[in-house]
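Remarks on the structure that follows.
The values are calculated or read from the model by the stated rules, or taken from the named source; none is laboratory data. Remember, it's a predicted structure, so these values are computed and weren't measured experimentally. Counting neighbours? That spans all protein chains shown, and the Cβs are built from the backbone with ideal geometry, glycine included. Surface accessibility is based on the protein's heavy atoms, side chains included, excluding ligands, DNA and RNA. Shrake-Rupley method; radii C 1.70, N 1.55, O 1.52, S 1.80 Å.
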Amino acid sequence: MKNVFNFSIVASFIGLWITTHVPESFELILGFILIFTFGMVHGSNDLLIVNKLLINTKHYSKLTLLTAYLFVVSFAILIFYWAPALAMILFMLFSAYHFGEQHWEHRFSKLNSYRKSIFYFSYGMFILYLLFAFNDTGVKSIVFEITSYEITRLYSQIVLIVLGSIIGLVLITEFLTKRLAIEAILKELFTLVVLAMIFSSSSLIWGFAIYFILWHSIPSLLEQIKFIYGDVKTVSALNYCKAALPYWIISLVGMVILYAIFSSEKQFYSLFFAFIAAVTFPHAIVMVKMFSKKKAQP
């Protein structure tokens with residue numbers, strides 16, 4: 001993971017450089033391109049992972065799994081259509097836990113599962129609120145566009161203090177019990193400083209894209225490739241991309257169809273987050289199962 005960390009740091013500073021040298025409109029376009037490529041690909045092989053998880057189970061066919069997956073995605077889109085405020089809250093909750101789990105799962109081995117879940121959620125939500133704190137106006141605008149509710153305050157400072165206290169308490173406890181090295185803690189603090197610099201200097205979408213791609217999607221891709229194929233060699237990565245390609249294309253077509261159907265009723269951000277949320281719900285669940293399976297393996 002060291003090479004991934006170094007890559008993410010260097011690429012993040014390149015992203016910061018882009019922020020200071022290109023117009024915001026270009027940031028927006030580049031951000032969506034990254035999200036619709038790397039971001040969507042990292043969630044396109046959920047069914048392959050499920051097949052790996054159920055390799056010794058004969059009760060489920062590929063058609064059954066695909067049907068169940070599409071049902072969850074369709075149901076999530078309907079929730080966004082009929083109850084956008086509820087859907088957005090669920091999206092935040094699922095995303096926060098998923099981000100925290102992906103970032104920290106390889107570091108914690110002996111932490112109580114209940115406290116581990118709280119920590120994952122707290123860390124993921126801290127990242128999101130760190131982004132929100134520096135893009136207050138943009139967040140309020142998008143929330144209003146999606147839910148038609150106008151929020152006046154995000155309470156970012158209070159939320160960050162509470163979440164930061166929870167994160168700090170867990171890390172200090174892990175350090176004092178010698179289950180987490182001080183170097184690991186300092187590295188994570190440095191990561192948060194880098195992200196804060198990026199979030200404070202970039203637009204909402206560009207800041208999210210940098211975190212989502214460099215600090216979440218790429219590490220997640222490597223974890224998935226290793227889980228499915230047993231290594232992260234070039235051949236395995238190519239096989240992963242080949243397997244993901246049909247689902248990625250279907251996802252893009254689905255997004256276009258969704259926009260064509262509802263563009264007269266909903267604005268782009270509403271449809272974009274509805275679609276991202278729709279694939280996030282099943283993906284987050286699959287990742288929880290994948291990490292649990294990895295821990296159970298000798």
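Once each of the GluC sites (Glu not before Pro) sitting in a DSSP loop with at most 16 other beta-carbon atoms within 10 Å is removed, the chain keeps 1-149 as its longest stretch. A simple charge model with +1 on the Cβ of Lys and Arg, -1 on the Cβ of Asp and Glu and nothing else charged puts the dipole of segment 180-298 at about 380 debye relative to its Cα centre. Between T173, F26, A274, the Cα set farthest toward the positive side of the dipole of the chain (charges on each charged residue's Cβ, about the Cα centre) is that of T173. Where the centroid of each part is defined by its Cα atoms, how far is segment 122-187 from segment 233-289 in Å? Taking the Cα centre of segment 233-289 as reference, the centre of segment 122-187 is 26 Å away. Evaluated at q = 0.11, 0.22 Å⁻¹, a Debye calculation over the C-alpha positions of segment 170-249 (equal weights, vacuum) places log10 I(q)/I(0) at -0.49, -0.97.
Values of log10 I(q)/I(0) for the chain across q = 0.09, 0.15 Å⁻¹ run -0.45, -1.36, by the Debye formula with one identical scatterer at each alpha carbon and no solvent. Placing unit charges on the Cβ atoms of the charged side chains and taking the dipole of the chain about its Cα centre, the candidate lying farthest along the positive direction among M255, L163, L16 is L163. The calculated FRET efficiency for the pair A181 and F7, based on their C-beta separation and a Förster distance of 25 Å, comes to about 0.70. The figure for T147 is an accessible area of roughly 10 square angstrom, using a 1.4 Å probe on the protein chains alone. Loop sites here are chymotrypsin sites (Phe, Trp or Tyr not before Pro) outside DSSP states H, G, I, E and B with no more than 16 other Cβ atoms within 10 Å. The longest part of the chain free of them is 156-298. Pairs of Cα atoms nearer than 8 Å and 6+ residues apart set the relative contact order; for the chain it is 35 percent. Site-free segments of the chain were taken between trypsin sites (Lys or Arg not before Pro) in DSSP loops having at most 12 other Cβ atoms within 10 Å, sites themselves excluded; the longest one is 234-298.
Each Lys and Arg adds +1 at its Cβ and each Asp and Glu adds -1 at its Cβ; summed about the Cα centre, the chain shows a dipole of about 1240 debye.
The aspartates and glutamates whose alpha-carbon is closer than 18 Å to the alpha-carbon of K233, local same-chain residues fewer than 8 away aside, are E223.
With the charge dipole of the chain set up from +1 on Lys and Arg Cβ and -1 on Asp and Glu Cβ about the Cα centre, the Cα lying farthest toward the positive end among the listed residues L93, S236, F119 is that of S236. Multiplying the residue separation of I55 and F71 by 0.36 nm and subtracting their alpha-carbon distance yields 3.6 nm.
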